[in-house]
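Notes to accompany the following structure.
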Amino acid sequence: MKTLVTVLLVAMIAGVITVVWLLVTQLPQAMRAGPELPKTISLPDGASPQAVTFGHGFVAVVTDDRRILIFAPDGTLRQEVAITD
């Protein structure tokens, strides 16, 4: 019985060490991964942002005047789409 308890104790300690090691080594990499944000985005006059989403190589902004504005990673306007009923 003492052998079984010792084996389980060693297995638990090894498991905790493994989880801590994975958190310490992998979490910083996961925190760096994220969308590439432009330094500035200029919305057209009178437009207010309602939603923002990020894709690979673009930023989309939905405005309160029913438009979707697609921006390049450098902040230049690529495309404007009007939302119709």
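The values are calculated or read from the model by the stated rules, or taken from the named source; none is laboratory data. No experiment lies behind these values; they were computed from the predicted model shown. Note that we place each Cβ from the backbone using ideal geometry, even for glycine, and neighbour counts take in every protein chain shown.
In segment 34-48, the residue that is modelled with the highest pLDDT out of those that are within 18 Å of I83 (Cβ to Cβ) and loosely packed, with under 12 Cβ neighbours inside 10 Å is S48.
In this structure, does P73 turn out to be of a type outside the set (A, V, I, L, M), surrounded by 12 or more Cβ atoms within 10 Å (Cβ to Cβ), part of a loop (DSSP other than H, G, I, E, B) and touching a strand residue (DSSP E or B) at 6+ places or on another chain (Cβ under 6 Å)? Spelling it out, it is not the case that P73 is of a type outside the set (A, V, I, L, M), surrounded by 12 or more Cβ atoms within 10 Å (Cβ to Cβ), part of a loop (DSSP other than H, G, I, E, B) and touching a strand residue (DSSP E or B) at 6+ places or on another chain (Cβ under 6 Å). Does segment 11-33 contain any residue that is in contact with a strand residue (DSSP E or B) (Cβ under 9 Å, 6 or more places away or on another chain), modelled with pLDDT under 90 and in a loop (DSSP other than H, G, I, E, B)? Scanning segment 11-33 turns up no residue that is in contact with a strand residue (DSSP E or B) (Cβ under 9 Å, 6 or more places away or on another chain), modelled with pLDDT under 90 and in a loop (DSSP other than H, G, I, E, B). Among residues of segment 53-65 that are under 10 Å from E36 (Cβ atoms), those with a Cβ under 7 angstrom from a residue that is in a loop (DSSP other than H, G, I, E, B), sequence gap 6+ or separate chain, pair up as F54/P35; G57/P73; F58/A72; V59/P38; V59/I41. The residue list A51, A60 contains one member that is loosely packed, with under 11 Cβ neighbours inside 10 Å, assigned to a strand (DSSP E or B) and in contact with a strand residue (DSSP E or B) (Cβ under 8 Å, 6 or more places away or on another chain), which is A51.
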